[in-house]
1. Could you list, in sequence order, the residues of the range 46-76 that are farther than 30 Å from Ser29 by Cβ and either crowded, with 18+ Cβ neighbours inside 10 Å or within 12 Å of the ligand (Cβ to nearest atom) (or both)?
2. Only residues that are within 12 Å of the ligand (Cβ to nearest atom) and touching a helix residue (DSSP H, G or I) at 6+ places or on another chain (Cβ under 7 Å): list them for the range 199-218, please.
3. Would you call Gln144 open to solvent by less than 60 Å² (accessible area, probe 1.4 Å), within 30 Å of Asn238 (Cβ to Cβ) and assigned to a helix (DSSP H, G or I)?
4. What pairs can you find where one residue is in the range 8-21 and near the ligand (Cβ under 9 Å from one of its atoms), the other is among the aliphatic types (A, V, I, L, M), and their Cβ atoms are less than 6 Å apart, with a gap of 6+ or different chains?
5. Is it the case that Tyr88 is open to solvent by 50 Å² or more (accessible area, probe 1.4 Å) and under 27 Å from Leu145 (Cβ atoms)?
6. Can you report the number of residues in the range 149-183 which are over 16 Å from the mean Cα position of the chain (by Cα), farther than 18 Å from Leu114 by Cβ, of a type in the set (A, V, I, L, M, F, W, C) and surrounded by 15 or more Cβ atoms within 10 Å (Cβ to Cβ)?
7. List the pairs whose first member sits in the range 70-97 and is touching a residue at least 24 places away in the same chain (Cβ under 8 Å) and farther than 19 Å from Gln159 by Cβ, whose second member is among the small types (Gly, Ala, Ser) and within 16 Å of the ligand (Cβ to nearest atom), and whose Cβ atoms are under 6 Å apart, counting only residues at least 6 apart or on separate chains?
8. All but one of (1) part of a helix (DSSP H, G or I); (2) over 19 Å from the mean Cα position of the chain (by Cα); (3) surrounded by fewer than 13 Cβ atoms within 10 Å (Cβ to Cβ) hold for Pro31, so report the exception by its number.
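The values are calculated or read from the model by the stated rules, or taken from the named source; none is laboratory data. Keep in mind that this is a model prediction, so the values were computed, not measured. Virtual Cβ from ideal backbone geometry, glycine too; neighbours counted across all protein chains shown. Remember, those area values only see protein heavy atoms, side chains included, never the ligands or the DNA or RNA. Shrake-Rupley method; radii C 1.70, N 1.55, O 1.52, S 1.80 Å.
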Amino acid sequence: MSRKPLIVGNWKMNGSFAKNTNLLASLSSVPNVNMVVAPPAVYLASVSAQLMNTSIVLAAQNVAAEGQQGAYTGEVSAVMLAELGARYAIVGHSERRQYYGETDTVVAKKCLRLQEAGLRPIICVGETLAEREAGQVETVVSRQLKAIIDNCGIDLLAQAVVAYEPVWAIGTGKTATPADAQAVHGFLRQLVTIYDKNIADNLSILYGGSVKADNAASLFAMPDIDGALVGGASLVANEFLAICHAANASFIG
Ligand code: 13P
């Protein structure tokens, strides 16, 4: 890995005050690795307090698409996330696309709200199994990423992170092979290069989908895989730390 590794733990809808405290107490910084945790919104404030004076960075799992204040019942705005100490927010996760109807247009709006508040979007892209079997991987991920570039401008990607998460690999124990993942990561970086080579060279492209301690090193050996977006394994301190150590071991920057 030549770009500084970024490892993001997406806790999804898991945790409790007690569990979060224990998990965070068991994490410690790993050299050369930017470590990020994304707890559910209700725990952002308490996790933020516990992360004070550590090098672990806070992310949100979602953000409001419309406005920063106002009549948007149930939503949490980017400005509010910034006030809580979050520096990143995940957008376009396949679970949000699938269960909550998050479209490319909505994902782009969320990116704009984050940009206004100075937060960095972690933009998720990825194909379903049916799309892969139909040979549409590049069509799908390029549509998803181009929607962001067209609506937000290429400069957004200088502040953003892209996460390639094949839907069929999420929570299934099936990981893309390192070569299959690299093919998509390389394709995404090439797509960004068409707009801006410097931004493409510096862009962190994370892999997500059943990343575990025992498959992380082989993924991180790929030239365009710059870290991981980790679900289940991020809830287990030793697993998450082992993934971070694998990233450090593969960092050649
Ligand atoms: P798993 O690591 O549990 O497969 O989840 C991946 C993911 O969706 C991270 O955002």
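1. Ala64, Ala65
2. Correct list: Tyr207, Gly209, Ser210, Val211, Lys212, Ala213, Ala216.
3. No; evaluated as a whole, the condition is false for this residue.
4. Val8/Val36; Val8/Leu229; Gly9/Val37; Gly9/Val230; Asn10/Ala38; Asn10/Leu229
5. The answer is no for Tyr88.
6. Selection size over the range 149-183: 3.
7. Every condition considered, the pairs that remain are Val76/Ala41; Ser94/Gly126.
8. (1)
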